[in-house]
Amino acid sequence: ALSSVSDNSPAALERATAAEIGADIGADAAAAAAAADLIADAEAVATLSRSGTVLDALRRANPTRVLLSESRPGREGVGVAEALADDAAVTLTTDAAFGHELAAWDAETLVVGADRVLLDGRVVNKVGTRAAALSAAEAGADCYAVCGTDKVAPTADWAREERDPAEVYDGDAAVDVSNPTFDVTPAHAVTVVTERGVLDAAAVEAVADAHRDRSEWVENG
């Protein structure tokens, strides 16, 4: 790993980078396998947006029923629903109804991806994840965020990444628009699953520290 390299030569950096890339390629598949093991006994699973790692986990676990939020404005959940329709009884619902449906539909588990895992264990993902995770907790369902450890950030910084306001309102009234791409889910409402298995708060922080050391090594190399 880059963080463990003491030689700052270009050749050492190249070797370490190649090894890191190779590890990242297999990380998502291993994370999906770890998540599939955790949800293997769940017959009713919910998810939102689109994550290749989550889709892989669901295919491995093969639940009987899958609930999906359409995930506007891109509606990525629609493609996931279509991808799973041959293997499970799929229900596609609106973002606004998703929290209610989690409870009414008796979802046992919510599985989401992660755009970024902050060093304090909070998870940044497609907007709507926070509300879904909190709704899942209230309904007694587990919530897993599945990703490779490369998604663990060395800092607590994150960005909402505002989308085009016209996606929400394109009229002439004096209306401010909030149209974020991402939101952040508190650590207590989500369990992070990676190629290393479940990461508790201490493990997330350790990975973040390693990534920070690696970044400093590259910058100073």
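The packing ranking of peptides 124-130, 83-89, 172-178, 135-141, highest mean first, is 124-130, 135-141, 83-89, 172-178, where packing means the average number of other beta carbon atoms within 10 angstrom of each residue. Extension gain for ASP213 to ALA96 (0.36 nm times residue separation, less C-alpha to C-alpha distance): 38.0 nm. Note that the chain carries a Kirkwood radius of 18.4 Å, evaluated over its alpha carbons pair by pair. Rg then Dmax, both in Å and based on the Cα atoms of segment 134-221: 17.9, 54. For segment 106-166, the spread of Cα coordinates along the three principal axes comes to 35, 33, 16 Å, biggest extent given first. Between the beta carbons of ALA156 and ARG59, assuming R0 = 30 Å, the FRET efficiency works out to 0.35 to the nearest 0.05. Using a probe radius of 1.4 angstrom, the carbon and sulfur fraction of the accessible surface of segment 48-157 is 44%. Over segment 94-221, accessible surface divided per residue gives 50 Å², non-protein components excluded, 1.4 Å probe. Hey, if you put +1 on the Cβ of every Lys and Arg and -1 on every Asp and Glu Cβ in segment 17-173, which of SER51, PRO165, LEU119 ends up farthest toward the positive end of that dipole? It is LEU119, whose Cα lies furthest towards the positive end. If you take every DSSP beta bridge fully contained in segment 114-193, what fraction is antiparallel? Give it as a percent rounded to 5. Taking every DSSP beta bridge with both residues in segment 114-193, the antiparallel ones total about 65 percent. Full extension of the chain between ASP106 and ASP170 gives 19.3 nm of extra length, using 0.36 nm per residue less the Cα-Cα distance. Working note: Cα gyration tensor of segment 20-149, eigenvalues times five, square-rooted, sorted largest first, giving semi-axes of 21, 17, 14 Å. When only the Cβ of Lys, Arg, Asp and Glu is charged (+1, +1, -1, -1), the dipole of the chain relative to its Cα centre reaches about 200 debye.
The dipole here belongs to segment 53-102: it is taken about the Cα centre, uses +1 on the Cβ of Lys and Arg and -1 on the Cβ of Asp and Glu, and is about 80 debye.
The values are calculated or read from the model by the stated rules, or taken from the named source; none is laboratory data. If you're wondering where the values come from, they're calculated on a predicted model, not measured in any experiment. A quick note on method: Cβ atoms are made from the backbone with ideal geometry, for glycine too, and the neighbour counts reach across all protein chains shown. With ligands, DNA and RNA removed, areas are computed over all heavy atoms of the protein, side chains included. Shrake-Rupley method; radii C 1.70, N 1.55, O 1.52, S 1.80 Å.
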